[in-house]
1. Taking the condition closer than 21 Å to LEU114 by Cβ, at pLDDT below 95 and not basic (Lys, Arg), does GLU239 pass?
2. Please verify whether ILE140 is modelled with pLDDT of 80 or more, closer than 30 Å to THR186 by Cβ and open to solvent by less than 90 Å² (accessible area, probe 1.4 Å), treating the condition exactly as stated.
3. Among the residues of the stretch 55-83 satisfying the criterion of being in a strand (DSSP E or B) and among the aromatic types (Phe, Trp, Tyr), which is surrounded by the most Cβ atoms within 10 Å (Cβ to Cβ)?
4. All but one of (1) in contact (Cβ under 8 Å) with a residue 40 or more places away in the chain; (2) among the hydrophobic types (A, V, I, L, M, F, W, C); (3) within 17 Å of VAL266 (Cβ to Cβ) hold for ILE51; which doesn't?
5. Looking at the stretch 21-44, is at least one residue surrounded by fewer than 18 Cβ atoms within 10 Å (Cβ to Cβ), among the basic types (Lys, Arg) and modelled with pLDDT under 95?
6. Under the condition of being free of Cβ contacts under 8 Å to residues at least 12 places away in the same chain and over 32 Å from the mean Cα position of the chain (by Cα), which residue from the stretch 101-153 is farthest from ASN54 (Cα to Cα)?
7. Cβ-Cβ below 7 Å, separation at least six or inter-chain, first residue in the stretch 23-39 and within 12 Å of ALA126 (Cβ to Cβ), second not in a helix (DSSP H, G or I): which pairs?
8. Being at pLDDT below 95 and open to solvent by less than 50 Å² (accessible area, probe 1.4 Å) narrows it down to one of ASN217, ASN229, so name that one.
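The values are calculated or read from the model by the stated rules, or taken from the named source; none is laboratory data. Fair warning: this is a prediction, and the values are worked out from it, not measured in the lab. Cβ coordinates were reconstructed from backbone atoms using ideal geometry, including for glycine residues, and neighbour counts include every protein chain displayed. Calculation scope for accessible area: heavy atoms of the full protein, side chains included, ligands and nucleic acids excluded. Shrake-Rupley method; radii C 1.70, N 1.55, O 1.52, S 1.80 Å.
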Amino acid sequence: MGKRKKAFEESFQLNQKTYDYWMRRLTELAVNTIEWTGLPDTIDTRYLEMILCNKGMAVFFKDLELDQYLALNVMISDKWNVYNIPTGREAYAVNGYHNKLDISNSVIIFNNYLHTPTIIDLEIYARKLYEVDRAIDVNIIGQKTPHIVKCSENQRLVLENLFMNYRGNIPFIFGDKSMNFENLDTIDIATPYVTDKLQIARRQIFNDALTYLGIENNSNEKAERMVTNELLSNHGAIEAARQTRLNARQQACGLINKMFGLNVSVKYRVALTSELVRDEMEILKKEVKENGALYNGS
């Protein structure tokens with residue numbers, strides 16, 4: 001195998017591994033942010049969130065023969081109601097399981113109000129993060145070989161031996177008096193160091209992805225302590241992002257509970273700091289109202 005082809009394949013593999021790394025990381029976050037409660041034991045919430053992330057919709061129903069509630073992949077038919085909700089649907093699984101259902105005995109759980117999967121947006125973030133990561137790799141490598149030396153074959157052998165000592169951290173490099181460095185030409189190909197700027201860009205992209213997933217992140221670079229109003233304002237985008245996925249799931253919970261007499265609910269696993277701040281403020285207001293001012297003029 002030629003050196004060029006080998007170098008290309010190694011670079012291609014590293015590109016793919018870097019992209020796959022970010023896809024795994026973002027997908028893992030996406031499927032772990034939301035918590036379901038009240039679901040029957042026969043429902044695998046991990047599998048349910050994986051379906052919603054990758055397919056955009058799943059179907060909840062009760063298999064009368066198995067006497068079990070299930071939430072599986074769904075294949076929709078060409079039958080729709082006036083609100084563009086598929087009335088004909090078929091549940092299926094990779095083991096060959098199939099079950100034809102309709103609007104009277106099943107509920108479709110959508111990932112969001114657009115009925116689209118999360119994965120298509122995560123792919124965009126993963127691509128951006130991969131590009132920055134590989135740019136960092138290239139920039140760091142560029143710091144290692146900043147010069148090209150034009151010389152004869154004899155001079156090359158001498159220089160290679162000298163630089164072996166240089167790479168070995170030997171404090172003194174000794175050369176023979178007969179060494180000839182005439183006609184030696186050096187070309188400077190030093191690469192500007194921009195890794196620090198690329199790392200900032202990567203952090204900003206990753207924080208943007210976290211905001212999209214409704215996960216708190218340090219998007220504000222201010223070093224000083226943020227006041228309450230700033231904190232609440234910065235969490236507005238995160239709260240809005242949470243609702244894009246929660247609303248569709250909560251709507252499905254209401255339909256499931258009505259159809260099957262269950263008590264299913266859904267929420268984010270971790271409450272926002274702004275929500276905790278609001279709770280503390282409400283408690284403080286209640287205490288002030290019941291007990292009077294906490295501090296007086298003295």
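1. yes
2. Working: modelled with pLDDT of 80 or more: yes; closer than 30 Å to THR186 by Cβ: yes; open to solvent by less than 90 Å² (accessible area, probe 1.4 Å): yes.
Judged against the criteria, ILE140 is a match.
3. Filtering first and then ranking leaves PHE60.
4. ILE51 satisfies every listed condition except (1).
5. no
6. Top of the filtered list is GLU153.
7. From the stretch 23-39, the pairs are LEU29/LEU213; LEU29/ILE215; ALA30/THR118; ALA30/LEU213.
8. Numbers: ASN229 fails: open to solvent by less than 50 Å² (accessible area, probe 1.4 Å).
One residue alone meets the criteria, ASN217.
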